[in-house]
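A.B. asks: Sharing a structure here in C-alpha cells format.
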Amino acid sequence: MNFIYKTVFLLLLVTSGVSAVAEPSPNLGNTPMESDEVFKDFGGKPGLVAIMDDFMVNLVADPRTKPYFDNEKQTYIKAMLVEQMCELMNGGCTYPGRDMKSSHTGLKINRAAFNALVEDFQLAMDKHDVPFRSQNKLLAKLAPMYRMIEEK
Ligand code: HEM
C-alpha cells in the first residue's frame, strides 16, 4: 500500500514539473528558452534585478525614452520586466503582468522608440558583462514583440 502512495506521489511530482516547463504564462509574449544557461549568464535573479535597475536609469536618462517612463510606475515596470525576462530565460519564474498589447496601448510606440529601448537595454547588459551570445538570445525573444507593442 505504501508503495502505491509513493508511486502516485512521484507521478504527480513528475507530471506537474513537466506541465510547468511546457506551458508559458499566458501574457509572456513569447515562449521561454529551452535551457537556463542564458539566465546563468545574466547572474540569475539578483543579476537580472541589478540589470533592470540600470536599464531603467538609462531609459529615464535617454531623451528618446524619458517621456514614456518618467512617472511613478517605474518600480512596477522594473519588477514586471524582471519576471518576464526571468521566465523567457527559463529561470523558474512566472510572469504575472499584463500582455504586451494591452500594457502598451495608447503609448504610440514606433520603431525609433523601440530601437532606443533596445539600445538602453544593451548598455545595461554590457555594464554587467553579459556575454553577447546570451544578450542576442534574449533580444531574439524580444524582437517579435514589436508587432504587439507598436501603434501607427
Ligand atoms: C520588447 C520590448 C518591450 C517589453 C518586453 C516590454 C515589457 C513591458 C512590461 C512587462 C510592462 C508591464 C506590463 C504590465 O502593466 O503588467 C511594460 C509596461 C510599459 N512599457 Fe514596455 N516593453 C517593451 C517595450 C516598450 C517600449 C519600446 C516602450 C516605450 C519606449 C515601453 C514603455 C512602457 C510603459 C510606459 C509601460 C507602462 C504602461 C502603463 O501601465 O502605463 N515599453 N512593458
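A.B. asks: Yes or no: the stretch 77-85 includes at least one residue that is exposed (fewer than 14 other Cβ atoms within 10 Å of the Cβ) and assigned to a helix (DSSP H, G or I).
C.D. replies: Start the filter on the stretch 77-85 by keeping residues that are exposed (fewer than 14 other Cβ atoms within 10 Å of the Cβ), which leaves none.
For the stretch 77-85, residues exposed (fewer than 14 other Cβ atoms within 10 Å of the Cβ) and assigned to a helix (DSSP H, G or I): absent.
A.B. asks: Just for the stretch 91-102: of the residues that are under 18 Å from Met33 (Cα atoms) and open to solvent by less than 50 Å² (accessible area, probe 1.4 Å), which one is nearest to the ligand (Cβ to nearest atom)?
C.D. replies: Tyr95
A.B. asks: Looking at Pro144, Pro131, which is the one that is of a type outside the set (Val, Ile, Thr), more than 11 Å from the ligand (Cβ to nearest atom) and surrounded by fewer than 17 Cβ atoms within 10 Å (Cβ to Cβ)?
C.D. replies: Values: Pro144 fails: more than 11 Å from the ligand (Cβ to nearest atom).
Answer to the check: Pro131.
A.B. asks: Ok, one more. Quick one: which of Val21, Val38 is at pLDDT 95 or above and in a helix (DSSP H, G or I)?
C.D. replies: Working: Val21 fails: at pLDDT 95 or above.
From the options Val21, Val38, the qualifying one is Val38.
A.B. asks: Hey, can you tell me all the residues within the stretch 42-63 that are within 25 Å of Thr31 (Cβ to Cβ) and part of a loop (DSSP other than H, G, I, E, B)?
C.D. replies: Result: Phe42, Gly43.
A.B. asks: May I ask you to verify whether Thr105 is open to solvent by less than 20 Å² (accessible area, probe 1.4 Å) and not hydrophobic (A, V, I, L, M, F, W, C)?
C.D. replies: Values: open to solvent by less than 20 Å² (accessible area, probe 1.4 Å): no; not hydrophobic (A, V, I, L, M, F, W, C): yes.
For Thr105, the condition - open to solvent by less than 20 Å² (accessible area, probe 1.4 Å) and not hydrophobic (A, V, I, L, M, F, W, C) - is not met.
A.B. asks: Search the stretch 131-152 for residues that are at negative phi and touching a residue at least 24 places away in the same chain (Cβ under 8 Å) and pair each with any residue that is open to solvent by 60 Å² or more (accessible area, probe 1.4 Å) and small (Gly, Ala, Ser) when their beta-carbon atoms are under 8 Å apart and the residues are at least 6 apart or on different chains.
C.D. replies: That search, which allows pairs on different chains as well, returns nothing.
A.B. asks: Under 9 Å between Cβ atoms, which residue pairs at least 6 apart in sequence (or on different chains) link something in the stretch 64-92 that is farther than 25 Å from Ser25 by Cα and touching a residue at least 40 places away in the same chain (Cβ under 8 Å) with a partner that is assigned to a loop (DSSP other than H, G, I, E, B) and not polar (S, T, N, Q)?
C.D. replies: Tyr68/Leu107; Tyr68/Ile109
The values are calculated or read from the model by the stated rules, or taken from the named source; none is laboratory data. Every value quoted in this text rests on a predicted model; they were computed, and no experiment measured them. Cβ atoms come from the backbone with ideal geometry, glycine included; neighbour counts cover every protein chain shown. Side chains included, ligands, DNA and RNA excluded: accessible areas come from the protein's heavy atoms. Shrake-Rupley method; radii C 1.70, N 1.55, O 1.52, S 1.80 Å.
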